Amino acid sequence: MNLLVTGGAGFIGSNFIHYILNKYPDYQVVNLDILTYAGDLENLKEISNHSSYTFVKGDINDYQLVTKIVKEHQIDVIVHLAAESHVDRSIIGPDVFLQTNILGTANLLKVALENNKLRFHHVSTDEVFGSLGQTGKFDEGTAYDPRSPYSASKAASDHLVRTYYHTYDLPITISNCSNNYGPRQHSEKLIPLFINNLLQDKKVPLYGKGDNVRDWLYVDDHCSALDLIIHQGKIGDTYCIGGDSEQTNQQIADVLLQKLGKGKDLIEYVTDRPGHDFRYAIDFSKIEKELGWQPSVSFEEGIDKTIEWYKK
């Protein structure tokens, strides 16, 4: 199988490429990435000369380039991970999120449709569903209620992908995943930011009272879910992927302080960001029942692996 992975130099994309090449040595993977601040070829240095791997620097909005890649490499599946994904940045400057996440997705869908209706998997987020209270979980039937320019742009792209299935019969699947953590994540994100700061005895900024809740998933478990959906998922369907590991931001900070032997004086409580969703949680019973997937890495094990990677 020949895969085009968009955003493959980013956090989840690079881990996914490592996963695929390790599991399927006969697959060919083309990585299309424009290398914004969040894309880093260091994430792929171990496989940069791999015979089954090709890197192309470019924009998912470049119609001619995407068409050329699809034709020259005889692509079978587009795995679309490329996105602007930092909520804080979307609040400060939303325009690039609309350009990349909506129009970029539209361009990829157009190319997929024009080239024998390529199999298309769209990687999205649980943030499209909005915010939960103290109880309940998101599932595939949850109504969309995005609260930030980032989540609104991802919600729009999800809807667009579905229209290509219903209107043009394009073979698509969508996955909405909870917060990922693990190796190769950009240092602006919560867990790597906290780890890197604490290793340097710098304070860690905690929004509000630190009581916002997220469902955390180790990135390799996300990759295994994507693998199953791409190969066995029902065309036209959505799959929610979760880690079954809810933690408050305060709990994350406390765990990292304890594991790195630091004191609570390194926590700095800062003004909460606008529209900060209180809680996310995922009901992943559909993918568990239909495809036999469930997370295999506990939060304790995953955090230990993540800390060791950043130390190195």
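Throughout, read-outs are computed from the coordinates displayed, never taken from laboratory work. Predicted model, so just to flag it, every value in this text is computed and none were measured. Every residue, glycine as well, gets a Cβ built from its backbone with ideal geometry; the counts of neighbours run over all protein chains shown.
Just to confirm my numbers, what's the Cα centroid distance between segment 27-70 and segment 107-137 in Å?
With segment 27-70 and segment 107-137 each reduced to a Cα centre, they are spaced 20 Å.
Need the full-extension length gain, S187 to N115, defined as separation in residues times 0.36 nm minus the C-alpha distance. One decimal, nm.
In short, 22.2 nm is gained.
With a 10 Å radius around each residue's Cβ, average the other Cβ atoms per peptide and rank 60-72, 172-184, highest first.
Working: 60-72: 16.8, 172-184: 23.5.
My ranking of the peptides, most packed first, is 172-184, 60-72.
I'm checking a number: the convex hull volume of the Cα atoms of segment 1-142, normalised per residue, in Å³. What is it?
Values: hull volume 19.2 nm³, N = 142.
Convex hull volume per residue, Cα atoms: 135 Å³.
Once phi is turned into θ = phi - 60°, what whole-Hz ³J(HN,Hα) does the Karplus curve with 6.51, -1.76 and 1.60 give for every residue of segment 60-72, x standing for Gly and Pro?
5, 7, 7, 4, 5, 5, 4, 4, 4, 4, 4, 6, 5
Any idea how far the Cα center of segment 259-289 sits from the one of segment 154-198, in Å?
Between the Cα centres of segment 259-289 and segment 154-198 lies a distance of 17 Å.
Taking the Cα centroid of segment 76-96 and of segment 210-250, what is the distance between the two, rounded to the nearest whole Å?
Taking the Cα centre of each part, segment 76-96 and segment 210-250 sit 18 Å apart.
How large is the dipole of the chain about the Cα centre if only Lys and Arg carry +1 and Asp and Glu carry -1, each at its Cβ, rounded to the nearest 20 debye? Spell out each step's value before the answer.
Working: 30 positive and 42 negative charges, 77 e Å.
Dipole magnitude for the chain comes out near 380 debye.
Would you please report the Å³ per residue occupied by the convex hull of the alpha carbon atoms in the chain?
So the per-residue hull volume is 122 Å³.
For segment 159-248, what Kirkwood radius comes out of the mean inverse Cα-Cα distance, in Å?
15.5
Can you give the calculated 222 nm mean residue ellipticity of the chain, where each DSSP H run of n ≥ 4 adds -39,500 (n - 2.57) and the sum is split over every residue, rounded to the nearest 500 deg cm²/dmol?
About -11000 deg cm²/dmol.
Starting from the exponent 0.38 and prefactor 2.2 Å, build the expected Rg for segment 187-312 from its residue count and divide its actual Cα Rg by it. Display every interim value, and only then the final one.
On the way: Rg = 16.5 Å, N = 126, 2.2 N^0.38 = 13.8 Å.
Normalised by 2.2 N^0.38 Å, the Cα Rg of segment 187-312 equals 1.19.
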